Amino acid sequence: QVQVMESGGGLVQAGGSLRLSCAASGSIFGINRMSWFRQAPGKQRDLVASMPRFGPTTYADSVKGRFTISRDNARNMVYLQMNSLKPEDTAVYYCNVWVTVSRSSIESNYWGQGTQVTVSS
């Protein structure tokens, strides 16, 4: 089994910064794509940033130039540095990972439980 856990959310004023962390643990052979999504009240869950093990990262247009995704493959962790935060960034932020549990297994997708980010104006 694989567990995914986010941390680092909280309340911050507009213009401030937060750093989210996500740790994947359990029966992990390898992790390909690691991503952050967010969901505001009454809205769908949207991709914020995504980083494959190899290849380019992608960002939602709304966060380009303000957010940075990074990962530590040795520790199975992914981070989201959020700068110049705006009230519209308020949402629950979810970590998502694609994991293989053995050399021959197919990828499986896992979600964390989410962490609340609230940006006050």
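The values are calculated or read from the model by the stated rules, or taken from the named source; none is laboratory data. Nothing here was measured: the structure is a model prediction, and the numbers come from that model. For neighbour counting, all protein chains shown are included, and Cβ atoms are generated from backbone atoms with ideal geometry for every residue, glycine included. Each accessible area value is taken on the protein alone, full model and side chains, heavy atoms only, with ligands, DNA and RNA left out. Shrake-Rupley method; radii C 1.70, N 1.55, O 1.52, S 1.80 Å.
If the condition is being hydrophobic (A, V, I, L, M, F, W, C), assigned to a strand (DSSP E or B) and loosely packed, with under 15 Cβ neighbours inside 10 Å, then the stretch 7-36 contributes only Leu11.
Based on this model, can you work out whether Val117 counts as farther than 17 Å from Gln3 by Cα, in contact with a helix residue (DSSP H, G or I) (Cβ under 7 Å, 6 or more places away or on another chain) and open to solvent by less than 50 Å² (accessible area, probe 1.4 Å)? Yes.
Yes/no matrix, rows are residues, columns are (1) at pLDDT 95 or above; (2) in a loop (DSSP other than H, G, I, E, B); (3) within 10 Å of the chain's Cα centre (by Cα):
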residue	(1), (2), (3)
Arg53	no, yes, no
Asp61	yes, yes, no
Lys64	yes, yes, no
Arg75	yes, yes, no
Val78	yes, no, yes
Ser84	yes, yes, no
Glu88	yes, no, no
Asn96	yes, no, yes
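Taken over the stretch 37-90, the criterion of being open to solvent by 30 Å² or more (accessible area, probe 1.4 Å), aromatic (Phe, Trp, Tyr) and touching a residue at least 40 places away in the same chain (Cβ under 8 Å) is satisfied by Phe37 alone.
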